[in-house]
Amino acid sequence: MNDEFEQQPSPAAEDSGGDDPRLAALQDLLQQHGLLEVRAVAVGSRGEIAALTAPLHLADRLAELATAIKRLGFLYVTLDLENTGVDT
Amino acid sequence: MLEQKFTRLTELLEEFGSVCIGYSGGVDSVFLSKVALDVLGPERVLAVTGLSEAYPGVQHEMALECVRRFGIPHLEIETHELDDPNYAANPSNRCYFCKSELWSRLAEVAAERGLAVVLDGSNADDVGDHRPGMQAARERGVRSPLLEAGLTKAEIRELSRSLGLPTWDLPAAPCLASRIQYGIAVTPKRLRQVEDAETILRGAGFREFRVRHHGDIARLEVAPGELHRALELAPGLARQIRGLGFERVLLDLQGYRRGALNESITLTQLTADRQAPAARAEVA
């Protein structure tokens, strides 16, 4: 699906499948808003969490899109705190 | 209006005569215990705290502080809800099983001590919320004088402030199991993970927050006004919380909201039959 998915698979992400239509729609939405640096995976036991990988300075813009992202079929919209481009 | 509701509360307590109060140390139960003590006196009031792994230590400290400061007659009992597979499997009505034990135990205490009525701290805002624990209370004849007097949470905070209670602006602090996603078994280890992660956030100065436990994932909810600070502290927070045994640490972009795990109830109910055997096997 994307580099994040391929490099850091988690059981939940694998469960959600590489052809999850929600993720495809999510990537489209992010592209429409010019958020080309953002990657997304579906995690959680039922793939109910959209986990976004993005630089921290994009957090406000992503928060503004949270409701729209939930409408794609996610219960929660989150930022992965360890994949932000910041050296932890 | 508020004065009338407060008067109604005192009238109800006088009608009860003597009371045994479920006492967590939160805003509602501290307020109710203090008013009951003022109305009925120490011989006719007993506040009872149920101790278990799901009871937050920080709330226990507040409960004891109020007992000491105001002279509230107090008893601690151990509860064993985690031994009940119906509770530990963590269905969406988990609270029903916990409260069933708690209110049964309090009814025993009340009978032994000759106290007429068992009370809980439900308030008028709790009506309509997803609260299966209230059903357990009703089934055991537990009364809810704050609710019956029509007092809302905001009004209880206002009255608590006027009474000088330190809990008046305390954030809501339900049991630690409420942070674990429905369908994922409640275990002592997971409860410790939640409590330790929330201790990290509290130590970092956050005031209103939750750590939601989604198995290998910690999903942090902080108050929207504290979101930027969470982002500033992200690397350190993530590292510390991952150290508790989580594989991922995620920050919820919509922030803290009460009952957020209830948002998954429909989905949970749809998949409950599929997940229940696994959760039950885990706690067996």
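The values are calculated or read from the model by the stated rules, or taken from the named source; none is laboratory data. Just so we're clear, the structure is a prediction, and the values are computed from it rather than from any experiment. Note that we place each Cβ from the backbone using ideal geometry, even for glycine, and neighbour counts take in every protein chain shown.
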message: Based on this model, can you work out whether residue B:199 counts as hydroxyl-bearing (Ser, Thr, Tyr), out of contact with any strand residue (DSSP E or B) (no Cβ under 7 Å at 6 or more places or on another chain), modelled with pLDDT of 95 or more and buried (at least 19 other Cβ atoms within 10 Å of the Cβ)?
response: no
task: Check the stretch A:9-18 and report whether any residue there is buried (at least 18 other Cβ atoms within 10 Å of the Cβ), over 11 Å from the mean Cα position of the chain (by Cα), closer than 17 Å to residue B:230 by Cα and at pLDDT below 95.
output: no
Of all residues making up the stretch A:54-77, the number that are touching a residue at least 24 places away in the same chain (Cβ under 8 Å) and within 17 Å of residue A:44 (Cβ to Cβ): 7
- prompt: If you go through the stretch B:26-39 one residue at a time, how many are of a type outside the set (Ser, Thr, Tyr) and in contact with a strand residue (DSSP E or B) (Cβ under 7 Å, 6 or more places away or on another chain)?
  reply: 3
- line: Counting only helices (runs of 4 or more DSSP H) wholly inside the stretch B:142-253, the ones holding at least 2 residues that are within 14 Å of chain A (Cβ to nearest Cβ) and in contact (Cβ under 8 Å) with a residue 24 or more places away in the chain are B:188-203, B:227-232, B:234-242
- line: Only one of B:40, B:32 is free of Cβ contacts under 8 Å to residues at least 60 places away in the same chain, in contact with a Gly (Cβ under 9 Å, 6 or more places away or on another chain) and not hydroxyl-bearing (Ser, Thr, Tyr), namely B:40
- request: Give just the number: which of (1) of a type outside the set (Asp, Glu); (2) on the phi > 0 side of the Ramachandran plot; (3) buried (at least 18 other Cβ atoms within 10 Å of the Cβ) does residue B:164 not satisfy?
  value: (3)
message: For the stretch A:71-88, give me the residue count where each residue is more than 8 Å from every other protein chain (Cβ to nearest Cβ) and at pLDDT 90 or above.
response: 4
field: Subset of the stretch B:112-141 that is in a loop (DSSP other than H, G, I, E, B) and without any contact (Cβ under 8 Å) to a residue 24 or more places away in the chain - its residue that is surrounded by the most Cβ atoms within 10 Å (Cβ to Cβ)
entry: B:127
- prompt: Are any residues in the stretch B:41-94 of a type in the set (Val, Ile, Thr) and not in a helix (DSSP H, G or I), and if so, which ones?
  reply: B:45, B:48, B:49, B:72, B:77, B:79
